[in-house]
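Structure first, then comments.
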Amino acid sequence: MAWTKKVLRVNLTAGTCVAEPLNAEWAQDYLGQRGLATKYLCAEVDPKVDPLAEANKLIFVTGPLTGTMAATGGRYSVVTKGPLTGAIACSNSGGYFGAELKFAGWDMVILEGRSPKPVYLLINDGKAELVDATHLWGKTTWHTEETIKKAHQDPQIRVASIGRAGEAGVLYAAIVNDLHRAAGRSGVGAVMGSKNLKAVAVRGTLTDAYQVAHPEAFFTAVDAGKAVLAANGVTGVGLPTYGTQVLMNIINELGALPSYNHREGQFEGANAIGGEAMHEKRPTDGKPNLVKNGACFGCTIACGRISRMDPNHFSVKDKPQYHGASGGVEYEAAWALGAANGVSDLEALTYANFLCNEDGFDPISFGATVGAAMELYDLGILTEAEVGLKLTWGSAEALVKLAEWTAVGEGFGKLIGLGSKRLCAKYGRPELSMTVKGQEFPAYDGRGLQGMGLQYATSNRGACHVRGYMVSPEVLGIPVKMEPQAIEGKPAMLKAFQDLTAVVDSAGICLFTTFAWGLQDIQPQIQAACEGDWSEERLLLVGERIWNLEREFNLGAGLSKKDDTLPPRLLTEPLKTGPQKGAVCHLDKMLPEYYEVRGWSADGVPTPATRTRLSL
Amino acid sequence: MQKSLHIDPNKCTGCLQCEMACAWENHRSFTIAKSRIKVFSFHEEARFVPYTCTQCDEAWCQLACPTEAIKLDPVTGAKIVLDPTCVGCKVCTIACPFGTINYVASTGKVQKCDLCGGAPACAKACPTGAITFVDADWTGLDKMRQWAGKTDTNPATV
């Protein structure tokens, strides 16, 4: 069986670590990772809980394919109630940490309570203990990872930690593992910080903790899957060469690249910050920003960017600690740190991205919040005296300074760290916050791509691209081409994407495989790894069940139909330029149909029939 | 033709499929802690380097072994550990200049790369060609070809 069937329950208040058997019935209903942890969270946590209170829980969870040779089989998720949104938060990460947790014999770690002092959780196979982390508090994720490895004389320990942002209560603080992979969105790092938990460190050496159910069938399915990834233009060439940054120019040319806090739908600096630019030799030192591509555990795509900055760039001139190679900008980060606020200095973006990794905060929410602040400044609502610097559109200097301040919760960075919803509300202009349910948009304009607009409005964790990636049909033609401005068929297609994504996120593999893989490629791998019969129909039902359970958590938390909306700018201000000129998001035409295909009432509540069908 | 593992670190992305393949081949587990090949990450240099035994002709592990538990596989050229004979004294781990033979506490024996009997699982699993299994006499052939291709033999036509 591909589950270890063991859960580690850590009570931080009492300082106890206890092993318990996995609820195997729930694993059959929710598969693993995102789905399974959601079930645990819903069963154990009152959805009305204050996300930063002791009563909230934080769950690290793997999937049945995590720690297997399935391509990209190294994912883990962190599930909790999110402080940025007040909704369920589920953030997914790669790197090596997830597989190590599985090798140590754990499907899941549930962290509850609040430690009276800073601690980190140390897991050595079956043994788990809380270790004093007073000396690590106030330190970065990079320092923390290195220090823990040294302290235990074990360079093979894998560490997931928070930086100073998570300690300082940045509401979109991330949990960073393996130096530059992150459970990035929705503020899971802030919840970790509220629990005085600095890090989870794992070393796994067990050979008998889990097993794929049918090895021969498993390798057949896995090898076939790898061949599909290698032969596909996106996963075989585009992503390894340009990373997700392959999208920057494509989305810009399509007129769906929001810029200047969504005032515009194209960015004149896109070419300077995109995937191709990362390959070009800098005029300053003759070297390209990108050094090479890197993979997460088990990944045969290898989209990761590894960058080295120009050591003479103003942001790092006297800071040799940033002169080595590290995690470079992905598309979403490049968009948020760049296009969203008009900055087209790739080196400045790279530096800000380094800081996001080093101190653990989400570059999407951070960059987008800087964009909102720049608009407030442009309108004269924010002043130089108040901010402490000139916040003009496109100012790389301002971006860099705000990143440094936000990382440690200093000065105006304290406000930036609360996200754009709270920032704009404070200055009396809530409509300027480009968020849904309090979470900032990623890099696609919901006016330019109607399906993405609907996805943003309905995503269970607030504005998000990785819950139902309508870019696939609307731009890439996967699995079928849908016109960006079309409305017909979008709600049903979105539902299918959301349900399938919930399956992928619960299996232990990376969503990026779905640029090439359909369910027909994924199902045989799950079927061969897991005991039981996992047909495509059953998997989609599992995905739908997960989506509905998340929805029910959010309804219980007090969210409702009124939160399934978009900022007025997307609903009423037409795009001014580009191929999608004149477009607004026709959410009102799509949302009722979406509720209908979901089997929800006109108020967005799962009907009794739907609940029965999904065994909720 | 004798073959040997050939490693091109420039092609390695650090995915660790090789480590899982090795662990599976020898322990029927994906737990990379049991792998005989290790990929090292030199983060600030943006380099990943797979590393394992190169099967020395004059194998110091073999020479140091007091129980003659390490023997030559004449077909593959691999130096292989005979588990029933190995007493776990670890002298070989001291003798090896490269660190590629290591003790396994759970079995009480040492382990090292044995080329999987002539079909190395790591090379098969590598998605980028960073690890290949090629003619032992011509591990440099690809690199030679690359440089040969850069040789300007007819500048007049440019």
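Here, each number is a calculation from the coordinates, and none is a lab measurement. Since this is a predicted model, take the numbers as computed values, not measurements. Virtual Cβ from ideal backbone geometry, glycine too; neighbours counted across all protein chains shown.
Around the Cα centre of the protein assembly as shown, unit charges on the Cβ atoms of Lys, Arg, Asp and Glu (plus for the first two, minus for the last two) sum to a dipole of about 740 debye.
In nm, what is the difference between 0.36 nm times the number of residues separating B:T54 and B:D135 and their Cα-Cα distance? Could you put the intermediate results ahead of the total?
Working: separation 81, 0.36 × 81 = 29.16 nm, distance 1.35 nm.
Between B:T54 and B:D135, full extension yields an extra 27.8 nm.
By the rule of a C-alpha distance below 17 Å, with chain neighbours fewer than 8 residues away ignored, the lysines paired with B:K34 are A:K102, B:K90, B:K109, B:K112. Pairs of Cα atoms nearer than 8 Å and 6+ residues apart set the relative contact order; for chain A it is 16 percent.
From the Cα gyration tensor of the range A:155-212, with a ≥ b ≥ c the square roots of its eigenvalues, which class applies: rounded if a/c is under 1.5, or else prolate if a/b is larger than b/c, or else oblate?
Because a/c hits 1.5 or more and a/b exceeds b/c, the range A:155-212 counts as prolate.
For the residues of A:295-303, the average number of beta carbons from a partner chain within 10 Å of their own beta carbon is 6.
Cross-linked pairs A:K287/A:K317; A:K281/A:K576; A:K149/A:K226: Cα-Cα separations exceed 22 Å for A:K281/A:K576; A:K149/A:K226.
With the cut-off at 1.5 for a/c, could you classify the protein assembly as shown from its C-alpha gyration tensor as rounded, prolate or oblate? Judged from the Cα gyration tensor, the protein assembly as shown comes out prolate (a/c at least 1.5, a/b above b/c).
If a spin label sat at a point 7 angstrom from the Cα of A:K117 along the line to its beta carbon, no backbone N atom of the range A:142-167 would be nearer than 12 Å.
Separation of the range B:3-52 from the range A:1-38 is 30 Å, based on Cα centroids.
Which shape class, rounded, prolate or oblate, goes with the range A:433-508 when its Cα gyration tensor gives a ≥ b ≥ c as root eigenvalues, a/c under 1.5 marks rounded, and past that a/b bigger than b/c marks prolate? Kindly include the intermediate steps, with their values, before the conclusion.
Values: a/c = 1.84, a/b = 1.06, b/c = 1.73.
Oblate.
The distance from the alpha carbon centre of the range A:91-152 to that of the range A:502-536 is 28 Å, rounded to a whole number. Taking each residue as 0.36 nm, the span from A:Q156 to A:K576 lengthens on full extension beyond its C-alpha to C-alpha distance by 145.9 nm.
Of the GluC sites (Glu not before Pro) found in the range A:1-105, those that fall in a DSSP loop while having at most 15 other beta-carbon atoms within 10 Å are A:E54.
Partner chain Cβ atoms within 10 Å, averaged over the residues of B:36-48 - can you pull that number for me? Mind dumping the intermediate values first?
Working: counts 0, 0, 1, 0, 1, 5, 2, 10, 8, 6, 12, 4, 4.
Partner Cβ neighbours, averaged per residue: 4.
Bridgeable aspartates and glutamates around A:K426 (alpha carbons under 16 Å apart, same-chain partners fewer than 8 residues away excluded): A:E375, A:E386. From its DSSP helices (H runs of at least four residues, each -39,500 (n - 2.57)), chain A gives a residue-normalised ellipticity at 222 nm of -11000 deg cm²/dmol.
Of all aspartates and glutamates in the structure, those lying under 19 Å Cα to Cα from A:K150, and not within fewer than 8 positions of it along the same chain, are A:E100, A:D125, A:E129, A:D132, A:D178, A:E358, B:E44. Counts of other chain beta carbons within 10 angstrom of each beta carbon in peptide B:8-16 average 6. Among the listed pairs B:K11/B:K124; B:K71/B:K124; A:K139/A:K195; A:K319/A:K390; A:K117/A:K421, those with a Cα-Cα distance over 20 Å are B:K71/B:K124; A:K319/A:K390; A:K117/A:K421.
Please work out how much length the chain gains when fully extended from A:S601 to A:Q28, using 0.36 nm per residue of separation minus the C-alpha to C-alpha distance, in nm with one decimal.
Details: separation 573, 0.36 × 573 = 206.28 nm, distance 2.77 nm.
Gain on extension, A:S601 to A:Q28, equals 203.5 nm.
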